[in-house]
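The values are calculated or read from the model by the stated rules, or taken from the named source; none is laboratory data. Given the structure is predicted, the values throughout are model-derived calculations rather than measurements. Cβ atoms come from the backbone with ideal geometry, glycine included; neighbour counts cover every protein chain shown.
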Amino acid sequence: MSRLEIQWPDAAAERARAARGRLIRAGEGLRARSFEDRLASVARVLSEWTRADSVWRRELERALAATTPFSQGAIAEGLESALRAWEPGAFVECARREVGPGALGEARTLAPYAWTTVIAGGPIPMPTLLSALIPLVVGSPVLLRETEKDPITASVLRRSIAAQDPELAACCEPLAFPHDDAAAYEILLTAPCVVATGSDEALGAISARLGPTTRFVGYGHRFSIAILGPRLCEGDLLERAAEGLALDVARWDQMGCLSAVVVYLLGVDTALAEQIAESVSDALARLEDSMPRGSIETARAAQLASERAEARMRVATSGGRLLEGRGHTVVLEADAQARPAPLGRFLRLMPVSTHAELLERLTPFAGQLSSVAIAGLAEENSVPDPRSSGDLPLLSQLSHLGVSRITEPGRLQTPPVDWPHDGLPLFTPLARMLQRDAVRL
Amino acid sequence: MTRDVIEAELLRWMSEGAAARPDPERFERLALDLFAFQFKACAPYTRLCESLDRTPGRVRCVEEIPAVPTGAFKEFELRCFEAKSVVKTFRTSGTTLERRGELHLDTLAIYEASLLASLRCCLLPGLSKGGAAMHFLAPSPDEAPDSSLTHMFDVLRREEGASSSAFHLHEGHLTVEAFAEALGRAQREKTPSLIAGTSFAFVHFLDATRADPDRWRLPEGSRVMETGGFKGRSRSVPREALRQEIADRFGLIERDVVNQYGMTELGSQFYDSTLIDRTGPRRKLAPPWARVRLVDPESGRDVDPGETGMIVIHDLANSGSIAAIQTADLGRAVLDEQERTIGFDVLGREAGAEARGCSIATDAMLAASGRANR
């Protein structure tokens, strides 16, 4: 006798299927609106988030404090500083520059994807906010898969859109489901355009399941560094750089790709190196009150303890410094060997004597570097020389290693809204265009 | 006390077998004597202990002995003898760009006595010497002379295995057919088999033989030992699922599959209890000359029984290197009905190992998990 097996429909897949249907219908209305109308509406949403008294920011702040490991102070500062750097005007200009009618010319028009899946990743809300808004400008509704580490941002964002423009809000559907729900993923990956953020392994797994005609934009793991030079001893440069670096490390507890994990001390003597280490450690200690480190799970605490123990042993035998605070660690290494970054406000300072040595140390990480903060570099390293036909100046060479932003300490985690994430334009990767040649009918 | 005296006593202890009752007093005394010796004999360790102000004169109990993180074996030659006396060096796995941890030995006597005692206690009960064909899903000593796992398998083969015992991983490839034939022969002849290898080699084998899952029903007394994680590999399998799948493929019960927790930096290994306690909870057992502590990573203090802690091991078999080792692995004590500790569980070994080993060179600066992207 054969056995009848009834499989209960996967609830998340059903929700995804229903959301897809709604989005495809809503997308028609979205595309019927002009580019400028869509852009203006999204810009208004953005303005509501970036204003100092934003109710959405406050709501997100409270909700994230209750659901993520970050401390309330760190969340408040992280949101405030990042959103302060997001100029709605710059967002509008960037959209017009990349995909506006003026940029496309008379012979081209946008041909938006019927819908876009955005798969969020990581616990930091900023990328989720931006990646959900950009397709709307282009004219493609968004199915936004929430990250398990941040189950809040997507829904708060949608309500903030609804408060401004209910029709636009119908084009953004957040969806939560476990990462191993293959049936739900299957629906999401039928989108003609997929944007995903996650580990390189996760991106590889997603792209392997997409058809050849699907547009895929993936943002993988990166890390950021700082390079400090000997001119740091001039004026108040050291103090400013230390304060800035402390923020770059403390914000989001170093969990983002824009957090500094290593500082290379280029041509810095031992005395100044020790001063830098102490200043950064002091600055991190001062932040402990206003933005304390959040809770860390035992596995990460074990990694931190392990790295601290290894550093203690190196310092005892080979020199350098280990500065341990309540919620931070600063290690001044005696060499520039690549070593793990356990995060959780753990910063290594590594001496390199020459520009060539620095590049040698960084070359194995080509493609993995996101942003670089620089301060106090000697003149020959800080100013690119386009006339040089021999060795490229340092900053140009960093760009060859895949660095997509160079800034100053304190601003690593607060890029402008139109920053080319991973070197990509903001809107163009999600846009499709139609060329209309002059034809005789 | 000199190292010779300490090692002579250790060898006597090991000859009593790993199943001997724990002897805390004997352990404490030998551990403190060994610490005093290692403090004097190993310069990097001396400096570490001095920096912590924990010198032999000040350390009163095992818990106060400074533990060396496993990563330090990549950066320092942690040995208590001259370089010219090295007879064997075991290295951790790693890529060409990555530094590999090294355990140097000037004698194999203690190392092999320890590993054999644990193997006899936890993996070989019920098997007669030479009575089981042993099959190793690992490279042979010729191919991997610096692998501690291969060395362990070779000692096991030499001391306890039948003459048909063999290694089945050659030049990175599993010789599935030769292995399958050997298993078929054992099945026909009703000879128990012992199969041992890395977890990932078993995954390969399971994948390669998926088309014929009921091919083997190994004779009674057969058993499997698997070890290691999946660091840097393309496919990972939950530990329990892997164990069940292995048991099913060989026609064994799940308790015939034993996991080993070990690392290159240690002279002792820790095995699941399931072959010597067929009904009690599965847990790792430590030989009497090794003590496993579970500590709070932030305070460094021992956690309460049953709570998760970072694994710190005091392994007296590490007489020529450093006995106190701090891992980045997490564990939890397994308690009996009277709330007494009867062993431990290793939690999240894969994640810990990956983070610790920064398995791929390009990952060296990245955390193993939890990074956001912006």
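The listed residues are A:ARG17, A:ARG97, and the only one of them that is basic (Lys, Arg), at pLDDT 95 or above and either farther than 26 Å from A:ALA163 by Cα or assigned to a loop (DSSP other than H, G, I, E, B) (or both) turns out to be A:ARG97.
Scanning region A:66-87 for residues that are touching a Ser or Thr at 6+ places or on another chain (Cβ under 6 Å), in a helix (DSSP H, G or I) and in contact (Cβ under 8 Å) with a residue 60 or more places away in the chain yields a total of 3. Consider region A:135-151. How many of its residues are under 17 Å from A:LEU46 (Cα atoms) and within 14 Å of another protein chain (Cβ to nearest Cβ)? Count: 0. Among residues that are farther than 26 Å from B:LEU103 by Cα and under 20 Å from the mean Cα position of the chain (by Cα), B:VAL176 is not included. Going by the conditions given, is A:VAL352 β-branched (Val, Ile, Thr) and touching a Phe, Trp or Tyr at 6+ places or on another chain (Cβ under 9 Å)? So A:VAL352 fits the description; yes.
Among the listed residues A:GLU307, A:GLU243, A:GLU297, which satisfies the condition of being within 23 Å of the chain's Cα centre (by Cα) and within 11 Å of chain B (Cβ to nearest Cβ)?
Criteria check complete, one pass: A:GLU297.
With respect to (1) surrounded by 22 or more Cβ atoms within 10 Å (Cβ to Cβ); (2) within 13 Å of chain B (Cβ to nearest Cβ), the lone exception for A:LEU228 is condition (2). Looking only at residues that are more than 14 Å from every other protein chain (Cβ to nearest Cβ) and acidic (Asp, Glu) in region B:317-341, which one is surrounded by the most Cβ atoms within 10 Å (Cβ to Cβ)? Step by step, filter region B:317-341, then rank; the result is B:ASP336. If I ask for residues that are acidic (Asp, Glu) and more than 30 Å from A:VAL249 (Cβ to Cβ), which ones from region A:60-107 would you list? Listed by number, the residues that qualify are A:GLU93, A:GLU98, A:GLU106. Of the residues making up region B:202-215, just one is surrounded by 20 or more Cβ atoms within 10 Å (Cβ to Cβ) and either more than 17 Å from B:GLY251 (Cβ to Cβ) or touching a Ser or Thr at 6+ places or on another chain (Cβ under 9 Å) (or both), namely B:VAL203. Against the test of being crowded, with 16+ Cβ neighbours inside 10 Å and within 14 Å of chain A (Cβ to nearest Cβ), the options B:ARG3, B:ARG100 yield a single qualifying residue, B:ARG100.
Quick check on region A:246-273: of everything there that is part of a loop (DSSP other than H, G, I, E, B) and more than 14 Å from every other protein chain (Cβ to nearest Cβ), which residue is surrounded by the fewest Cβ atoms within 10 Å (Cβ to Cβ)? Applying the filter and picking the extreme gives A:ASP269. When A:ALA184 is tested against the conditions (1) assigned to a helix (DSSP H, G or I); (2) in contact with an Asp or Glu (Cβ under 8 Å, 6 or more places away or on another chain); (3) without any contact (Cβ under 8 Å) to a residue 60 or more places away in the chain; (4) surrounded by 21 or more Cβ atoms within 10 Å (Cβ to Cβ), the lone failure is (3).
Consider region A:349-370 and keep the residues that are under 21 Å from the mean Cα position of the chain (by Cα) and not in a helix (DSSP H, G or I). The one that is surrounded by the fewest Cβ atoms within 10 Å (Cβ to Cβ) is A:GLY367. Checking each residue in region A:354-373 for being modelled with pLDDT of 95 or more and over 16 Å from A:LEU401 (Cα atoms) picks out no residue at all. If only residues of region B:59-76 that are part of a loop (DSSP other than H, G, I, E, B) and within 14 Å of another protein chain (Cβ to nearest Cβ) are counted, the one that is surrounded by the most Cβ atoms within 10 Å (Cβ to Cβ) is B:GLY71. Residue count for region A:92-140 satisfying the condition of being within 25 Å of A:ARG58 (Cα to Cα) and among the hydroxyl-bearing types (Ser, Thr, Tyr): 2. Inside region B:12-23, residues that are assigned to a helix (DSSP H, G or I) and either of a type in the set (Lys, Arg) or surrounded by fewer than 16 Cβ atoms within 10 Å (Cβ to Cβ) (or both) make up a count of 2. Would you check if B:VAL312 is within 14 Å of another protein chain (Cβ to nearest Cβ), buried (at least 17 other Cβ atoms within 10 Å of the Cβ) and in contact with a strand residue (DSSP E or B) (Cβ under 7 Å, 6 or more places away or on another chain)? So B:VAL312 passes the test.
Residue pairs whose Cβ atoms lie under 6 Å apart, sitting 6 or more positions apart in sequence or on different chains, and linking a residue in region A:88-117 that is over 18 Å from A:LEU30 (Cβ atoms) to a partner that is among the charged types (D, E, K, R) and modelled with pLDDT under 95, are A:ALA107/A:ARG436. Answer yes or no: is there a residue in region A:191-199 that is in a loop (DSSP other than H, G, I, E, B), aliphatic (A, V, I, L, M) and either under 29 Å from A:PRO101 (Cβ atoms) or modelled with pLDDT of 95 or more (or both). Looking for residues that are in a loop (DSSP other than H, G, I, E, B), aliphatic (A, V, I, L, M) and either under 29 Å from A:PRO101 (Cβ atoms) or modelled with pLDDT of 95 or more (or both), one finds at least one in region A:191-199, hence yes. Residues that are part of a strand (DSSP E or B) and more than 10 Å from every other protein chain (Cβ to nearest Cβ) were ranked within region B:290-309; the one that is surrounded by the most Cβ atoms within 10 Å (Cβ to Cβ) is B:ALA290. Of everything in region A:192-212 that is surrounded by fewer than 23 Cβ atoms within 10 Å (Cβ to Cβ), in contact (Cβ under 8 Å) with a residue 24 or more places away in the chain and among the hydrophobic types (A, V, I, L, M, F, W, C), the residue that is farthest from B:PRO238 (Cα to Cα) is A:ILE206. In the condition set (1) in a helix (DSSP H, G or I); (2) charged (D, E, K, R); (3) at pLDDT below 90, B:ARG243 is compliant with all but (3). Residues in region B:24-42: is at least one at positive phi, surrounded by 13 or more Cβ atoms within 10 Å (Cβ to Cβ) and of a type outside the set (Asp, Glu)? Looking through region B:24-42, none of the residues is at positive phi, surrounded by 13 or more Cβ atoms within 10 Å (Cβ to Cβ) and of a type outside the set (Asp, Glu). The C-beta contact set for region A:274-298 (first residue in the same structural domain as A:ALA311 (by TED's automatic domain parsing), second residue among the β-branched types (Val, Ile, Thr), distance under 6 angstrom, 6+ apart or interchain) comprises A:ALA277/A:VAL330; A:VAL280/A:VAL330; A:SER281/A:VAL330; A:THR298/B:THR308. Can you go through A:ARG286, A:ARG314 and tell me which one is over 30 Å from A:HIS421 (Cβ atoms), part of a helix (DSSP H, G or I) and within 12 Å of another protein chain (Cβ to nearest Cβ)? The match here is A:ARG314.
Checked against (1) at pLDDT 90 or above; (2) touching a Leu at 6+ places or on another chain (Cβ under 7 Å), B:GLU298 meets all criteria but (2). Screening the candidates B:ARG79, B:ARG91, B:ARG54, B:ARG29 for the property of being free of Cβ contacts under 8 Å to residues at least 60 places away in the same chain, of a type in the set (Lys, Arg) and either within 14 Å of another protein chain (Cβ to nearest Cβ) or closer than 28 Å to A:LEU322 by Cβ (or both) yields one hit, B:ARG54.
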